[in-house]
Amino acid sequence: MLGGHPRSVLVPLAVVFAFILGAWSTIDGVVSRWLAVDESYSHGFLLLAVSAYLVVQQWRVRPAVTLFSPFWLLPLLGFLLLYIGGSMLMIEAVQQFVLIPALLCALGVIWGWRELVRFLIPVGLLVFAIPFWDYLAWPLQLITTKVNEILLGLLGIEFHVDGVFVFLTGVGAFEVAHGCSGLRYFLVGLTLSVVYGQMNFTLWRNRIMLCVLSVVFALAANWIRVFVIIHQGYVTNMESPLVGNHEFFGWIVFALSLIPLFWMANRMERSDNATAKARVRAPEDIQDAEQAEFSRFSKVGIVFTLLMLLAPALALGVISTQSSQLIAGQKAPRLMTNADWAPYFQRNAVRWVPVIHGADNIEVQAYFLRKGLSEGRAPKAIAAIEVYTYLDQKPGKELVQDSNHPFDRERWSIKQSREQTVDHVDWTVLTIQSRQTNETITVAFSYLVGGRWLADPIKAKLAQISAAFAGQPDVHQVFVALDCEACASDNLLNSVLADTQKQTKIFVSRMFKPQ
């Protein structure tokens, strides 16, 4: 109960429990990433155990004194509002980003800074198991590719680089993929250095220095790993075992990089200034401080804090996003009615497909151009129209998410990108080129949210709030791909887009209805 001894563990436990309940939907998604043992966050459960151990260790040294520190309510409120906003906009990274800061602020409310600072690292350590670090993967991929471009150039190897692809002339190609970014080594190295610093250092400058060194060694280990793999592929004509199976080799290189790192850490530990150790107050001083703080302890403040932590779940339950349903038995109308085009019933008419995850309904239609068609020859122009619909969005199942792409980046590269407006509707138009055959295809896409066409994904994300309150919760992304060689593709594309815009709205009105 709240009126117990000021050292009582019940109050912080109640805060943690309320925090878990209030943010359960996001925490559940984080834990699911921990269960994926082949991903960058498979260390999550181990890190949770280490965090719990460090918290218990600090508590055994001196239990935290419970008090009410209203100053921390302001940043806590800010983080909770940011969390609710991220939930409404279906931006999972925002929700994940504020988890640990919100928890620390909630603990600050019941402990104040004097007690919170002792638990800052033990609790904050969990930040290295939150998946928002994925946003570093792409920059790390580009950096790794650039470093290897320099190293390969020094050896005089013939190659060229396209994005994160390294093409060895006459030998083969390598992709510096997500798993080759070095993100796993980065997180593990940083985690180890923070834990080592917490257990062995007293000076913050030594802790920071060790973290910086861990990042440098982790990234260098990944650069060396990727370089060795590419080089072995080159000298063995892609027959080296490392080309197909290099996961174990990578961890060996990373483990070797830890040897100089912790040798330096040991040197830093021995030189750690003993006078910088935190001053331990006499037992009677601690007891006097506890009595003074306990006199300011506010049951009302603690209860208010618990309710604040439950607010995200309560608020999102009250203003939950409406959902739509597909009308059963309804035949989809044509997405293009232009008389110059006829339905094309060949599967995969255009050798392109977008990379879209979690859509509740997918409508794919293809058409060929009647004009200039001669017997026994393929049509001069083929158009593929695809509509991806989300009826009930949730994290990982969203219209706008990082894992959705207008084309498969392993098979295609962007040759040209532009914005195009047709009848007051904005489209993003890409000319993509096959990495294997060099053929080009024009792909246009736009979002239909709440009856509004939007080419910008950020605007489409924001428009979902007003669409939900307006009773139009279903959202759509529309793609038009045009495979056309001997024709004026720009004029042809405009006519196709104009017709598709009208027909897509008819399609949406007939096929879906709010529940």
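Quick notes
- Odd one out for Arg184 among (1) in contact with a Leu (Cβ under 9 Å, 6 or more places away or on another chain); (2) buried (at least 18 other Cβ atoms within 10 Å of the Cβ): (1)
- The listed residues are Trp204, Trp223, and the only one of them that is under 24 Å from the mean Cα position of the chain (by Cα) and either at pLDDT 90 or above or surrounded by fewer than 19 Cβ atoms within 10 Å (Cβ to Cβ) (or both) turns out to be Trp223.
- Criterion: within 26 Å of the chain's Cα centre (by Cα) and part of a helix (DSSP H, G or I) - qualifying residue of Leu492, Leu462: Leu462
- Just so you know, in the range 24-62 the residues that are of a type in the set (A, V, I, L, M, F, W, C) and in contact with a Phe, Trp or Tyr (Cβ under 7 Å, 6 or more places away or on another chain) include one that is nearest to Phe248 (Cα to Cα), and it is Trp34.
- Top-ranked residue of the range 416-440 - restricted to ones that are hydrophobic (A, V, I, L, M, F, W, C) and either over 29 Å from the mean Cα position of the chain (by Cα) or more than 17 Å from Phe479 (Cα to Cα) (or both), ranked as surrounded by the fewest Cβ atoms within 10 Å (Cβ to Cβ): Val425
- Against the numbered list (1) in the same structural domain as Trp223 (by TED's automatic domain parsing); (2) modelled with pLDDT of 85 or more, Leu116 comes up short only at (1).
- Inter-residue pairs, beta-carbon under 6 Å, first under 11 Å from Leu89 (Cβ atoms) and in the range 451-469, second part of a helix (DSSP H, G or I), 6+ apart: Ile465/Met88
- One residue alone among Val194, Val212, Val166 is exposed (fewer than 15 other Cβ atoms within 10 Å of the Cβ) and among the β-branched types (Val, Ile, Thr), and that residue is Val212.
- Only one of the listed residues (Ala255, Ala276, Ala292, Ala282) is closer than 30 Å to Val188 by Cα and either at pLDDT below 65 or buried (at least 17 other Cβ atoms within 10 Å of the Cβ) (or both). That residue is Ala276.
- For the range 158-171, the condition of being of a type in the set (A, V, I, L, M, F, W, C) and part of a helix (DSSP H, G or I) holds for none of the residues.
- Those helices (runs of 4 or more DSSP H) lying entirely in the range 53-135 with at least 2 residues over 24 Å from the mean Cα position of the chain (by Cα): 73-88, 99-111, 113-124
- Pairing residues of the range 21-37 that are in a helix (DSSP H, G or I) with residues that are among the β-branched types (Val, Ile, Thr) and surrounded by 15 or more Cβ atoms within 10 Å (Cβ to Cβ), at Cβ distances under 8 Å and at least 6 apart in sequence or on separate chains, gives Val30/Ile130.
- Qualifying residue in the range 148-158 (condition: touching a Ser or Thr at 6+ places or on another chain (Cβ under 6 Å), surrounded by fewer than 15 Cβ atoms within 10 Å (Cβ to Cβ) and assigned by TED's automatic domain parsing to the domain that holds Ile259): yes
- The residue of the range 128-147 that is surrounded by the fewest Cβ atoms within 10 Å (Cβ to Cβ), among those that are touching a helix residue (DSSP H, G or I) at 6+ places or on another chain (Cβ under 6 Å) and β-branched (Val, Ile, Thr), is Val147.
- Search result, residues across the range 40-51 that are in a helix (DSSP H, G or I), small (Gly, Ala, Ser) and in contact (Cβ under 8 Å) with a residue 40 or more places away in the chain: Gly44, Ser51
- Extreme residue, farthest from the chain's Cα centre (by Cα), among residues of the range 349-366 that are part of a strand (DSSP E or B) and free of Cβ contacts under 8 Å to residues at least 40 places away in the same chain: Ala366
- Scanning the range 329-343 for residues that are modelled with pLDDT of 85 or more and part of a loop (DSSP other than H, G, I, E, B) yields Ala332, Pro333, Arg334, Leu335, Met336, Thr337, Asn338, Ala339, Asp340.
- Filter pass, Leu448 being assigned to a strand (DSSP E or B) and either touching a His at 6+ places or on another chain (Cβ under 9 Å) or surrounded by fewer than 20 Cβ atoms within 10 Å (Cβ to Cβ) (or both): yes
The values are calculated or read from the model by the stated rules, or taken from the named source; none is laboratory data. Small disclaimer: the values here were computed from a predicted structure and weren't measured. Note that each Cβ is placed from the backbone with ideal geometry, even for glycine, and that neighbours are counted across all protein chains shown.
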